[in-house]
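Q: Before anything else, here's the structure in question.
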There are 2 protein chains.
Amino acid sequence: MHQLTFSPMPNAPLYRQLYEMLLGEIRRAGLAPGERLPSRRALAAHLGLSINTVDSAYQMLVAEGYVQAVPKSGYYVCPQGVSGLVPPPENPQQAENGPLRPRWQYDFAGGGIDASLFPLRTWERISRDVMRTGAPLLNQGEVQGDECLRRAVARYLHEYRGARAQPSQVIIGAGSETLLGMAARLLDGGKAAVEDPGYAKTTGVLRNAGLSPCPVSVDKYGICVDELERSGCCAACVTPSHQFPTGVTMPAPRRAELLQWARAGARTVIEDDYDSEFRFDGRPIPALQGLDGGDRVIYLSTFSRSLAPAIRVAYMVLPERLLPRWQALYGEYASTVSRFEQHTLSRFMEEGHFARHINRIRSIYRSRRDTLVYALTQALGKQAQPLCVHTGLHMPVRIDNGMTESELVASAAAQGVRVRALGAYRRTEKAGPPTVVLSYGGLTADDIEPACALLARAWKG
Amino acid sequence: MHQLTFSPMPNAPLYRQLYEMLLGEIRRAGLAPGERLPSRRALAAHLGLSINTVDSAYQMLVAEGYVQAVPKSGYYVCPQGVSGLVPPPENPQQAENGPLRPRWQYDFAGGGIDASLFPLRTWERISRDVMRTGAPLLNQGEVQGDECLRRAVARYLHEYRGARAQPSQVIIGAGSETLLGMAARLLDGGKAAVEDPGYAKTTGVLRNAGLSPCPVSVDKYGICVDELERSGCCAACVTPSHQFPTGVTMPAPRRAELLQWARAGARTVIEDDYDSEFRFDGRPIPALQGLDGGDRVIYLSTFSRSLAPAIRVAYMVLPERLLPRWQALYGEYASTVSRFEQHTLSRFMEEGHFARHINRIRSIYRSRRDTLVYALTQALGKQAQPLCVHTGLHMPVRIDNGMTESELVASAAAQGVRVRALGAYRRTEKAGPPTVVLSYGGLTADDIEPACALLARAWKG
């Protein structure tokens, strides 16, 4: 540690300068692969910084795969370069327990967003104001979330998503899983359909809520209603605006069929509208919930893509018929979202910052989408066929070079690029033409071309 | 509305001045009972204020029972005075649907805290710093909660609660219900014991998690282990430091019995340590979890009393044996607490503010406890017998004046004072000597004496 010296500049955040200093050490192997970093406490004392500053710097290094945290032991420098890569675990928790985490040069499987687009200064200003409200915001708020935020959400849904919601139908919660879990308990148990391929998470949440998830195929129009019919499910979780991971947008006739299925059997559709803000081409597709008479669809969405994953606010709209049951089950619960954040967000929306932010990032992500499609075709020609490119922060790409999906993933990994196979999202053994899913929300514009060049090196054989 | 005029002073928050102006109108009936207040939007426009300012002012009026929100309609002035009071509903949500909410002069059943004691300026400063960290905190954090906070919690538990926890055993969550629900799903279903009398909420959460809650009596040492033995339960939820609502602190022999029960049958004890920070007399009682070998007790606690109910952070400590199952069930979930708040809190703890804050409010609440005991005895003499006064923000008081518990509650209500009967927390028909539970966390020092005077008027007959 003695050789670590640090002379901060006046006008950049300390943690960032420390991060760059440490990164420099790692790059020129002043800190060797496998070497243990000084404890945060020790380094803070050594450099006369706050533990938090050191913590933030270490976090950035971990986030970027230069360093790995080993529980009860400390922080270790990861081996650099791209040889002998193992795919990193799904989440930081597993990362702690898993093998040394390699540094991906480009990660198309992170599912993150470009956090630098977040209007932090505005958010900070508003939340400072909100905190000034003081005492009235420190005691317990409303069970469904404070009315100001439910009102803002209802207005947004009406104006931008064609969904119908009274503030009294809106439930605010700390993330989609929390709300989906609550929604699932409103159903009377039994089998609930999940899309296949689809989010593994959805299956897990339904199971935790005591339902038996039942995979139902997705075709080029979305979930197959005839198969759904046969499944005997009492409910279906769907992503009609932008099916995950196939990217399919459910067309009107299929929507009508699906709603008909729900009405006929007094069943429930849970509509997860997770990234509908990112509709790049053509007119926005209104939410399924808006087509419904209003009593068959539970509408669910989140701010984790439209704002940031670390801001744990999601919301759902319950049909009137389910409100009494929700009250009976959860009326005694406290809301899961801090009131400071609820009020900051409601003001952020009321003052129009949210709508502006969405418009801004939509056009930024649109041009990244364009760059990605262009770069892929440049690099791989006809071998790469991007599918369903009109919406959202991920894109399935069919690769026709003779490789299997697992060969595609492995050879990309060998080039330092992380991609996921479409098959990884399947519950059943069905297989289609080899397809990878590229989540590009976390990649900057400059990353995309070199990333595609590496993919070409990996896949052109 | 035309008669509403508002000339703000420079150096007080706008919402507060607006609140006082409106309160003045209501007091001298310029706004008559039953009259509808202007919509927030309209009033904001009329007075040239932000909707948020008006919202905060209206909220304070609602919180204090001057005004009631009627969904899809607006805000109405409540009838003042104390005649014909009906007990208010448990939570604002129900309040919206319930009858016009009376204004309680004093509320011993709110269960809130004195929010004015919250070190808002420090919190605000730290959270401003934390937000400056920016990007690294905007993407998804660790599933169990970020390590910095888990570390701070583990250290706090070790130093102040005699509990044993590695950061890797700590789970951060948005409130006790969220975590208790997760904990309950770690058990293998079946019957779980709840204290009788006890928190209704606990029963509800367990039921929502698919367990069958089974009431087990509480005697003067806490939950009755012999009855527990006979109940055939696989788990027990207990509040050993300060049983709610009886206030009993479980003595060592009973703790040993309880742990023996758990070990013998490989059962689980869920220890809810909800307000153990408020131990006023004698030595602090270490957590049950610390006495355990470390694999039978799930430890659960919250910051909603020690900081503020609106800051939705709670934590639990899982035995090592349950971590893999937790990972299997929840490994894919995102943490339910905003990372800004996690990091603000961890710094708040690391820098010693939390310990200082706890010490400060403990002595403040201690003197309020003293005032309450003194005022009760002054006002009611031998008719009032405060029980278990050594810990926590509520106090059971036996009233020996010939009234039943419901008569006690009703006559107090008729004086504008809200109290709750001990029987209200019972699951079974058992009845003891008439006892009311006084939660005084939300009352200021000046409130206590006049409140007790009104109780005397109500109960001295």
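Q: Yes or no: residue B:224 open to solvent by less than 10 Å² (accessible area, probe 1.4 Å) and modelled with pLDDT of 90 or more?
A: Numbers: open to solvent by less than 10 Å² (accessible area, probe 1.4 Å): no; modelled with pLDDT of 90 or more: yes.
Here the answer is no, as residue B:224 does not meet what is asked.
Q: Now for a different question. Filter the stretch A:245-272 for residues that are within 22 Å of residue A:200 (Cβ to Cβ) and either among the polar types (S, T, N, Q) or modelled with pLDDT under 95 (or both); which is surrounded by the fewest Cβ atoms within 10 Å (Cβ to Cβ)?
A: If we take residues in the stretch A:245-272 being within 22 Å of residue A:200 (Cβ to Cβ) and either among the polar types (S, T, N, Q) or modelled with pLDDT under 95 (or both), then A:247 is surrounded by the fewest Cβ atoms within 10 Å (Cβ to Cβ).
Q: Here is a follow-up. Identify, please: which residue in the stretch B:152-202 is β-branched (Val, Ile, Thr) and in a helix (DSSP H, G or I) and is, among those, farthest from residue A:329 (Cα to Cα)? Reasoning before the result, please.
A: As a first pass, look at the stretch B:152-202 and keep what is β-branched (Val, Ile, Thr): B:153, B:170-172, B:178, B:194, B:202.
Add one more test, that the residue is in a helix (DSSP H, G or I), and what stays is B:153, B:178, B:202.
Numbers: B:153: 30, B:178: 13, B:202: 12 Å.
It comes out as B:153.
Q: Related question: Filter the stretch A:278-294 down to residues that are at pLDDT 85 or above and within 14 Å of residue A:306 (Cβ to Cβ) and give me whichever is nearest to the chain's Cα centre (by Cα).
A: A:278
Q: Just one of B:188, B:196, B:226 is among the charged types (D, E, K, R), touching a residue at least 12 places away in the same chain (Cβ under 8 Å) and away from chain A (no Cβ under 14 Å); which is it?
A: Details: B:188 fails: away from chain A (no Cβ under 14 Å); B:226 fails: touching a residue at least 12 places away in the same chain (Cβ under 8 Å).
Residue meeting the stated conditions: B:196.
Q: Scan the stretch A:203-223 residue by residue and report those that are closer than 26 Å to residue A:257 by Cβ and in a helix (DSSP H, G or I).
A: Correct list: A:203, A:205, A:206.
Q: Next up: Applying the selection to the stretch B:421-435, what residues are closer than 20 Å to residue B:391 by Cα, without any contact (Cβ under 8 Å) to a residue 60 or more places away in the chain and not small (Gly, Ala, Ser)?
A: At the first step, the residues of the stretch B:421-435 found to be closer than 20 Å to residue B:391 by Cα are B:421-422, B:425, B:435.
Narrowing further to those that are without any contact (Cβ under 8 Å) to a residue 60 or more places away in the chain: B:421, B:435.
B:435, the sole residue that qualifies.
Q: Related question: Say we look at the stretch B:345-370 and pick out the residues that are at pLDDT 95 or above and touching an Asp or Glu at 6+ places or on another chain (Cβ under 8 Å); which of these is nearest to residue A:53 (Cα to Cα)?
A: Taking the candidates together, the pick is B:347.
Q: Further, regarding this structure: Under the condition of being over 20 Å from the mean Cα position of the chain (by Cα) and within 9 Å of residue B:126 (Cβ to Cβ), which residue from the stretch B:333-348 is nearest to the other protein chains (Cβ to nearest Cβ)?
A: The residue in question is B:347.
Q: Looking at the stretch A:299-309, can you tell me whether even one residue there is within 29 Å of residue A:234 (Cα to Cα), assigned to a strand (DSSP E or B) and at the interface with another protein chain (Cβ under 10 Å from one of its Cβ atoms)?
A: Residues of the stretch A:299-309 within 29 Å of residue A:234 (Cα to Cα): A:299-304.
Next cut, assigned to a strand (DSSP E or B) only: A:299-302.
Next cut, at the interface with another protein chain (Cβ under 10 Å from one of its Cβ atoms) only: A:302.
Yes, the stretch A:299-309 contains a residue that is within 29 Å of residue A:234 (Cα to Cα), assigned to a strand (DSSP E or B) and at the interface with another protein chain (Cβ under 10 Å from one of its Cβ atoms).
Q: Moving on. Could you list, in sequence order, all residues of the stretch A:147-161 that are in contact with a Ser or Thr (Cβ under 6 Å, 6 or more places away or on another chain) and either over 14 Å from residue A:303 (Cβ atoms) or open to solvent by 10 Å² or more (accessible area, probe 1.4 Å) (or both)?
A: Hit for the stretch A:147-161 is A:148, nothing else.
Q: Within the stretch A:124-146, which residues are facing chain B (nearest Cβ under 7 Å), part of a helix (DSSP H, G or I), open to solvent by 30 Å² or more (accessible area, probe 1.4 Å) and out of contact with any Ser or Thr (no Cβ under 7 Å at 6 or more places or on another chain)?
A: In the first step, residues of the stretch A:124-146 are kept if they are facing chain B (nearest Cβ under 7 Å); the result is A:124, A:128, A:131-144.
Now narrow it down to the ones that are part of a helix (DSSP H, G or I): A:124, A:128, A:131-132, A:135-137.
Filter again for open to solvent by 30 Å² or more (accessible area, probe 1.4 Å), leaving A:128, A:132, A:135.
Within the stretch A:124-146, A:128, A:132 qualify.
Q: Here's a follow-up. Which residue out of A:315, A:365, A:274 is part of a strand (DSSP E or B) and within 30 Å of residue A:438 (Cβ to Cβ)? Please lay out each step first, then the result.
A: Numbers: A:365 fails: part of a strand (DSSP E or B); A:274 fails: part of a strand (DSSP E or B).
Every option except A:315 fails the conditions.
Q: Mind counting the residues in the stretch A:447-457 that are open to solvent by 10 Å² or more (accessible area, probe 1.4 Å) and touching a strand residue (DSSP E or B) at 6+ places or on another chain (Cβ under 8 Å)?
A: 3
Q: For the subset of the stretch B:277-298 comprising residues that are among the β-branched types (Val, Ile, Thr) and in contact with a Leu (Cβ under 8 Å, 6 or more places away or on another chain), which member is farthest from the other protein chains (Cβ to nearest Cβ)? Before the answer, list the steps.
A: Of the residues in the stretch B:277-298, the ones among the β-branched types (Val, Ile, Thr) are B:285, B:297-298.
Now narrow it down to the ones that are in contact with a Leu (Cβ under 8 Å, 6 or more places away or on another chain): B:297-298.
Working: B:297: 21, B:298: 17 Å.
Here the residue is B:297.
Q: Run residue B:170 past the list (1) open to solvent by 30 Å² or more (accessible area, probe 1.4 Å); (2) under 23 Å from the mean Cα position of the chain (by Cα) and report the number of the one that doesn't hold.
A: Evaluating residue B:170 over (1) open to solvent by 30 Å² or more (accessible area, probe 1.4 Å); (2) under 23 Å from the mean Cα position of the chain (by Cα) leaves (1) as the failure.
Q: If I filter the stretch A:105-123 down to residues being within 7 Å of chain B (Cβ to nearest Cβ) and small (Gly, Ala, Ser), which single residue comes out as farthest from the chain's Cα centre (by Cα)?
A: The qualifying residue farthest from the chain's Cα centre (by Cα) is A:116.
Q: In this structure, does residue A:196 turn out to be open to solvent by 20 Å² or more (accessible area, probe 1.4 Å) and among the charged types (D, E, K, R)?
A: Details: open to solvent by 20 Å² or more (accessible area, probe 1.4 Å): no; among the charged types (D, E, K, R): yes.
The answer is no for residue A:196.
Q: Can you pull out every residue in the stretch B:404-446 that is open to solvent by less than 10 Å² (accessible area, probe 1.4 Å) and more than 17 Å from the chain's Cα centre (by Cα)?
A: Result: B:408, B:412, B:416, B:417, B:435, B:436.
Q: Now, a different point. Exactly one of (1) more than 19 Å from residue A:176 (Cα to Cα); (2) away from every other protein chain (no Cβ under 13 Å); (3) aliphatic (A, V, I, L, M) is unmet by residue A:322. Its number?
A: Status for residue A:322: all satisfied but (1).
Yes/no matrix, rows are residues, columns are (1) in the same structural domain as residue A:183 (by TED's automatic domain parsing); (2) open to solvent by 10 Å² or more (accessible area, probe 1.4 Å); (3) out of contact with any Asp or Glu (no Cβ under 7 Å at 6 or more places or on another chain):
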position: A:296; (1), (2), (3): yes, yes, yes
position: A:312; (1), (2), (3): yes, yes, yes
position: A:317; (1), (2), (3): yes, no, yes
position: A:323; (1), (2), (3): yes, yes, yes
position: A:331; (1), (2), (3): yes, no, yes
position: A:337; (1), (2), (3): yes, no, yes
position: A:343; (1), (2), (3): yes, no, no
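The values are calculated or read from the model by the stated rules, or taken from the named source; none is laboratory data. Please read these numbers as outputs of a predicted model, since none were measured by experiment. FYI the Cβ positions are ideal-geometry reconstructions off the backbone, even for glycines, and counts take in every protein chain you see. Areas reflect the complete protein model, heavy atoms only, side chains present, ligands, DNA and RNA absent. Shrake-Rupley method; radii C 1.70, N 1.55, O 1.52, S 1.80 Å.
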